[in-house]
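Below you'll find the structure, written out as structure tokens, and then a few comments.
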Amino acid sequence: MSHCAARVQVRPTMALFARISSTLALFAALFAAPVVGAQGLRDRISDLFIFGPGEAPLFLAGSGDPNNPASLQVHGLHFIPSSNAENGALIAFITDALGSSIGRIPFGSTSGGETFRFEGGVPVKTSTSAGPIFAERAQTLGRGRVLAGVSRTGFRFATIRGVDMHNIDLTFTHQNVDFEGCDAQFGADCSLYGVPVLENDAMAFHLSMDLDVRVTSMYMTYGITDRLDFGLVVPIVQADFRGSSDAQILPFGGTTAAHYFEGTTTNPVLSAHRQSIGSAAGLGDVALRLKLNMRQTASSAFAVLLDGRFPTGSQEDLLGSGKFSGRALIILNSRFGDFSPHLNTGYLHHGGDQQNDAVLGTIGFDHRLSDVFTLATDLVTELQVGDSKLPLPGLVTYEAPFRRTVNPTNIPAIRDDVVSGSFGFKLTPARSTTIVLNTLFPLNRGGLRPNLVYTAGIEYTF
């Protein structure tokens, strides 16, 4: 009799899960509609390197004025990224670092609150605490049970490889010019960087940027069996960008200028200022999850989790990474009364050529302080695999009129390992309802990082 009752109960739960999933999909589709004619946030970042309407990045309109002699006009092109690979690499590093980091927004665990298994049709608890927040635990919800929730996560990117986002220094260098007859015209080997002497001119560039991100995540996990959970996360992302740049031409010498933003060779304007503001909102990268509990005892559990994020968010608006990413996790946890330590380890694969794969590791515990409060804390790591796919150009070496080197940026060429601490609470004010409050903070400065990530959410299990 008890087995029949359990089977009958699953069917309406599955139907409710299907209805809620359809509602989430419809809601996501509405947010996924592109804004026609709007300029993407990636373009807003590029605007900081463009000094006039319709111009290419780093084009010097003063030198390239069509009223100037052709011999002078050509100097307007000598800093543009298509002419100088190092300059292109610097701009690509900034824009790609911002874009790829949006796709790394943390999502919460797949099974919070109480978890169960059925014995003879009777639900038996497999956990005492409300569970971790950003880590995973091996327990599954139980056949036919559903966890539904909504959370709000917010942060502002503060540093890029440890450098303040308001204090990024770049040095754009001149194209190495070498044309037929150059050696004869300048009386030296034009293949050497610094010949002719105008190649020693440089552009000092100071960049200040703010990127505020807020994510509303709607998520659901369904217990397909006592040991298998299926999860869906639908994030709605809001991104606000503000930036400014100050450029200064640094002539190497001489009484007239060949490189300038406005004016004339005898009265040049050698500085320029740009500002750019933009915002976007819409569907982020949707995630699907499967968790299989491999072994369960009264005091320990072991599970594996597969998680895929799909490129449903607009890459041009910095709402998504633009590429699929997937992770596989091994989950171990134990229980000593109300204290539950856990360990997650696995591998994260990123599609595309802008993000590295990573080895994942999370260790921490959740502790049931009372019937209402659960404390959850974790050390979360994401360790880069291989050399960075976002390389910075190396030192630029001038050969003439004397040998010297210039560092093109104050951003260091280091690994983008991510180590964070997580500290939060789960509150259970009523049966089956859980309130989640958490902070995530950096313990190192690899990659593009905020100073604090806050999350608040509410979950309901039925």
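The values are calculated or read from the model by the stated rules, or taken from the named source; none is laboratory data. Quantities reported herein were computed from a predicted structural model and do not represent experimental measurements. Neighbour counts run over all protein chains shown; Cβ positions are idealised from the backbone, glycine included. Heavy atoms of the whole protein, side chains included, go into the accessibility calculation; ligands, DNA and RNA do not. Shrake-Rupley method; radii C 1.70, N 1.55, O 1.52, S 1.80 Å.
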Quiz item: Mean residue ellipticity at 222 nm from the helices of the chain, using -39,500 (n - 2.57) per DSSP H segment of n ≥ 4 over the full residue count, to the nearest 500 deg cm²/dmol?
Solution: -4500 deg cm²/dmol
Self-check item: Folded to 0 to 90 degrees: helix 2-32 orientation relative to the chain principal axis, Cα
Solution: 20
Quiz prompt | Translational diffusion of the range 312-366, µm² s⁻¹ [Kirkwood Rh, Cα pairs; Stokes-Einstein; 25 °C; 0.890 mPa s] | solution = 183
Exercise. Any chance you could tell me what percent of the C-alpha pair distances in the range 242-370 go past 18 Å?
Key: 73
Quiz prompt | Cα pair count fraction exceeding 26 Å, expressed as % - the range 311-462 | solution = 46
Quiz item: Of the peptides 413-419, 265-271, how do they stack up when ordered by the mean number of other Cβ atoms within 10 Å, highest first?
Solution: 413-419, 265-271
Quiz item: With all protein chains present, how much of the accessible area of the chain (probe radius 1.4 Å) comes from carbon and sulfur, to the nearest whole percent?
Solution: 60
Quiz item: the range 201-294: D in µm²/s via Stokes-Einstein (Kirkwood Rh, Cα pairs, 37 °C, 0.692 mPa s)?
Solution: 181
Quiz item: On a 0 to 90 degree scale, rounded to 10, what angle separates helix 85-102 from the longest Cα axis of the chain?
Solution: 20
Exercise. Output the pairs from Lys323/Lys389; Lys323/Lys426; Lys389/Lys426 with a Cα-Cα distance over 26 Å in this structure; if there are none, say none.
Key: Lys323/Lys426; Lys389/Lys426
Quiz prompt | Probe 1.4 Å, accessible area per residue of the chain, Å² | solution = 44
Exercise. Please list the radius of gyration and Dmax for the range 365-435, considering alpha-carbon atoms only, with Å as the unit.
Key: 24.2, 78
Exercise. Over the Cα atoms of the range 144-255, compute the convex hull volume and normalise it per residue, giving Å³.
Key: 200
Exercise. Using label points projected 7 Å from each Cα along Cα→Cβ, tell me how many nm separate Thr439 and Phe310, to one decimal.
Key: 3.7
Exercise. Can you quote the Å³ per residue value for the convex hull of the Cα atoms in the chain, rounded to an integer?
Key: 140
Practice problem: Would you kindly derive the ³J(HN,Hα) couplings of the range 60-77 from the backbone phi angles with the Karplus curve 6.51 cos²θ - 1.76 cosθ + 1.60 (θ = phi - 60°), listing them in order in whole Hz, with x for Gly and Pro? | Solution: 9, 5, x, 5, x, 3, x, 7, 7, x, 4, 5, 8, 4, 4, 5, x, 9
